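Structure, as structure tokens:
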Amino acid sequence: MTIDALRTVGVALVAVVSLAACGSAHGSRVDLATPRFSHPTPITNPLFPISELTQVIQLGEEANQPLRVEVTLLPETRVFDWDGQRVETLVSQYVAYRGGRILEVAVDYYAQADDGAVWYFGEDVDNYRDGRVADHHGSWLAGRDGPPGMIMPAHPRTGDVYRPENIPGLVFEEVTVLEARGEMLRVEEHLMEGDIEHKEFSPGYGEFRALAPDEMLTVALAVPVDALGGPAPGALAELRRGATDVLQPSPDWAGLPAVAAASSRMWEPLAAGAPELLRAEMTTALAALTAAVDVRDLRAAHAAAMTVAQAGLDLQLRHQAPPQVDLQRLGLWARQVVVDAASGDGAAVSGDVAALETIWRRAHQAADPAGAGRVTDLLARLQAAAESGDLPAAARAAEGLSDL
């Protein structure tokens, strides 16, 4: 089933999930037996295929602001000592942006038990406020703080109950399977704060949709499952170049109407083949770009251009490996540093630098050694400039990173 078909099914089932949640009763716990881990890193559970998904882009809304999430499998593992076992886990990076600004970075650890269930060994969390780490709320590690938690049963059935997080006084999450049939698994999650979330899982994608009172998040694209192969359409690079023309501290306003018009024309033949959420995001952003250029609204033009460039790079994931696309994301966020530095927004610059460092962690293996050394040096300069509030120095380092 294609990603757009899954999304259509999910929309039709939202009401069903909500109604089922109203009448659901706690079933039987399926996570009470001690798991054994002989081969923990090949995660073959189709409803949580973390070892097979190199990068997932999720789009939605939280607190009436655009929400963007990037989930990336990192090229590393981590070993945990628990219950007399040394368990090697996969390492996954979760990055959330709200309103275009970094909100949370979490590094998650997963392993598959011998029976096929997937277990969660914790997370290292950085929560951001005004571009800087505010706290690490939600962090926990198996063995240090308590036991791991089951995050997906081997063969989930309606009524199953399990706890992905269960560290008293620190983290808690209990899941009840509302329906397990066909190609979608629907669950209800009860969180420690008393909040309730509904989630849908699909084979090949894992978590496909999350619904909460003030949040909705849906998979827009996942690779390699949605990859097309072959070279990326040249128009995607042209769209990004047009967005970069706008993403300047003092853009050439006289020439921008032509840039916006050309971008819209280039998008038209690509739109029909794009995944639904990315198609909608790009179309909306191009319309916003045209409107902002018409009235010379610099802030709105910058925001729209950033969205156009991001959506174009997301679509490029269908043709290029995530680390290669992430290297191009570095250039995009470097341009954002220059724009924010020029506007005197130190908090935004700090957040931009955090985004750059987060992307570099997952992309460094795609750079040649000489280039990697230069990126690391420029990022160190950027970090120092942001921490000291030297915005001109931050802009200079970002210009060098953008050129590189």
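The values are calculated or read from the model by the stated rules, or taken from the named source; none is laboratory data. Please read these numbers as outputs of a predicted model, since none were measured by experiment. Quick reminder, even Gly has a Cβ in these numbers, built from the backbone with ideal geometry, and neighbours come from all protein chains shown.
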- Close pairs from region 240-266: first more than 23 Å from V325 (Cα to Cα), partner exposed (fewer than 13 other Cβ atoms within 10 Å of the Cβ), Cβ under 8 Å, at least 6 apart: W253/R296; P257/D294
- Going by the structure shown, is R329 in contact with a strand residue (DSSP E or B) (Cβ under 6 Å, 6 or more places away or on another chain) and part of a helix (DSSP H, G or I)? no
- Message: Scan region 37-52 and tell me whether some residue there is within 25 Å of D214 (Cβ to Cβ) and within 16 Å of the chain's Cα centre (by Cα).
- Response: no
- Please work out if A227 is surrounded by 15 or more Cβ atoms within 10 Å (Cβ to Cβ) and either in contact with a Ser or Thr (Cβ under 7 Å, 6 or more places away or on another chain) or assigned to a loop (DSSP other than H, G, I, E, B) (or both). yes
- Message: Can you go through R129, R101, R68 and tell me which one is within 30 Å of T307 (Cβ to Cβ), touching a helix residue (DSSP H, G or I) at 6+ places or on another chain (Cβ under 7 Å), assigned by TED's automatic domain parsing to the domain that holds L185 and charged (D, E, K, R)?
- Response: R101
- Of all residues in region 53-65 being in a strand (DSSP E or B) and in contact with a helix residue (DSSP H, G or I) (Cβ under 8 Å, 6 or more places away or on another chain), which is farthest from R209 (Cα to Cα)? Q55
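Each row is one residue, and each column tells you yes or no for (1) surrounded by 23 or more Cβ atoms within 10 Å (Cβ to Cβ); (2) in a helix (DSSP H, G or I); (3) free of Cβ contacts under 8 Å to residues at least 40 places away in the same chain; (4) assigned by TED's automatic domain parsing to the domain that holds V337.
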position: Q365; (1), (2), (3), (4): no, yes, no, yes
position: T376; (1), (2), (3), (4): no, yes, yes, yes
position: L382; (1), (2), (3), (4): yes, yes, no, yes
position: A393; (1), (2), (3), (4): no, yes, yes, yes
- Item | Residues satisfying the stated conditions in region 101-159, i.e. touching a Lys or Arg at 6+ places or on another chain (Cβ under 6 Å) and touching a residue at least 60 places away in the same chain (Cβ under 8 Å) | D114, G149
- Query: Looking only at region 181-210, which residues are part of a loop (DSSP other than H, G, I, E, B), over 21 Å from P148 (Cα atoms) and either in contact with a helix residue (DSSP H, G or I) (Cβ under 7 Å, 6 or more places away or on another chain) or in contact (Cβ under 8 Å) with a residue 12 or more places away in the chain (or both)?
  - Reply: E183, D195, P203, G204, Y205
- Query: Which of the residues spanning region 218-244 are closer than 19 Å to L277 by Cα and among the hydroxyl-bearing types (S, T, Y)?
  - Reply: T218
- Message: Would you confirm, using the coordinates I've provided, whether V339 is in contact with a Pro (Cβ under 8 Å, 6 or more places away or on another chain) and closer than 24 Å to A254 by Cα?
- Response: yes
- Could you name every one of the strands (runs of 3 or more DSSP E) located completely within region 77-180 that has at least 1 residues being surrounded by fewer than 21 Cβ atoms within 10 Å (Cβ to Cβ)? 85-98, 101-112, 118-129, 132-135, 161-167
- Query: Restricting attention to region 275-287, which residues are surrounded by fewer than 19 Cβ atoms within 10 Å (Cβ to Cβ) and not acidic (D, E)?
  - Reply: A280, T283, T284, A287
- Query: Only one residue in A303, A258 is closer than 30 Å to A384 by Cα and hydrophobic (A, V, I, L, M, F, W, C). Which one?
  - Reply: A303
- Considering each residue of region 213-223, count those that are surrounded by fewer than 16 Cβ atoms within 10 Å (Cβ to Cβ) and either in a loop (DSSP other than H, G, I, E, B) or of a type in the set (G, A, S) (or both), and give that number. 2
- For E215, state whether it is out of contact with any Asp or Glu (no Cβ under 9 Å at 6 or more places or on another chain) and at pLDDT below 95. no
